[in-house]
Amino acid sequence: MFSTRSPPMMEMPHENRLETIAQLQRQIGACERGAWSRAEVVSTGCAAVDQLLPDGGVRRGGLIEWIGQAHGGGAGALSLIAARQVCPAEKTVVAIDAQRRLAPATLANLGFDLSKVWIVRPQTKQEAWWTGEEALRCAAVGLVWADIEHLPTTQFRRWQLAVEASQGVGFLVRPESALRHPSWADARLLVHSRVSRDASPTYQVESVYSQGRTSRSKAGVQIDRFTGMTHEYASLLPTSASPPSPLSLVS
């Protein structure tokens, strides 16, 4: 008599395991979304970006992935500007900067109170994972910004549970290779540099994954080079081989 049980996950082909994990994530996400209606949703400071997110903004207790073409590009700059808006003034921002790309002067120029910013530079991937989980779990931390390339699915889930418990927010800046792996974030925003008619850094931001419904799928966003604020930019030109230099995140 043959067994009708499904094979253990470790015996499945790699592609089937990934699909099973993704399906489980969708099922768990559907259960958890019942609590979203009670969660506070805050603006990124840019209506166009808010419209790319479920419920029209950043949910406290959730994670957002900002996917970029390269470190120090639009994903980092846009996520930092949004972080300044999202983190409550009385709480701390923890920046996990394993690649040592983040300059305190840049944060000050963006309007951060440096007395409320902790920059952590872990030596190993494991140290970065542990630091992120502990910071996300801390109620005194309003937002964790992490420039992180590799995040195993199990560790990703631990981060998601940690931020849900504290009702903080996590912004994860990641390379495009992360799109090949499952996500526990509320949304994934893919950022590409675009050419504008002036010198201000301009990007196309696309919602490539969302746990809930969004009011649009992509938007043009520009960083005002004088104020550091973001706003919608409708007149996007085709991608250039040499786009304008993005807002620098390094000293």
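Each value in this text was obtained by applying a stated rule to the coordinates, not by laboratory testing. These numbers were taken from a predicted model, which means no experiment stands behind them. Glycine also receives a Cβ, built like all others from the backbone with ideal geometry; neighbour counts cover every protein chain displayed.
Worth a mention:
- Charge tally around Ala48: other residues with Cβ under 10 Å, Lys/Arg +1 each, Asp/Glu -1 each, net 0.
- A simple rule links phi to the HN-Hα coupling: the Karplus curve 6.51 cos²θ - 1.76 cosθ + 1.60 with θ = phi - 60°, which for region 177-187 gives 4, 5, 5, 7, 10, x, 10, 10, 7, 5, 7 Hz, with x for Gly and Pro.
- Local electrostatic count at Pro88 - Lys and Arg +1, Asp and Glu -1, tallied over other residues with Cβ under 14 Å: +1
- Under 24 Å from the Cα of Lys91 - lysines, other chains or at least 8 residues apart: Lys116
- Computed E for Asp198/Ala47 - FRET, C-beta separation, R0 22 angstrom, nearest 0.05: 0.60
- Shape call, region 85-177: gyration tensor on alpha carbons, a/c limit 1.5: oblate
- Cβ-Cβ distance of Ser217 and Ser115, R₀ of 41 Å, FRET efficiency by 1/(1 + (r/R0)^6): the value works out to about 0.60.
- Subtracting the Cα-Cα distance of His231 and Gln167 from their residue separation scaled by 0.36 nm leaves 20.3 nm.
- Taking a Cβ cut-off of under 14 Å around Arg101, the surrounding Lys, Arg, Asp and Glu residues balance to a net charge of 0, with basic ones at +1 and acidic ones at -1.
- Counting neighbouring Cβ atoms within 10 Å and putting the fewest first, the residues Val120, Val49 line up as Val120, Val49.
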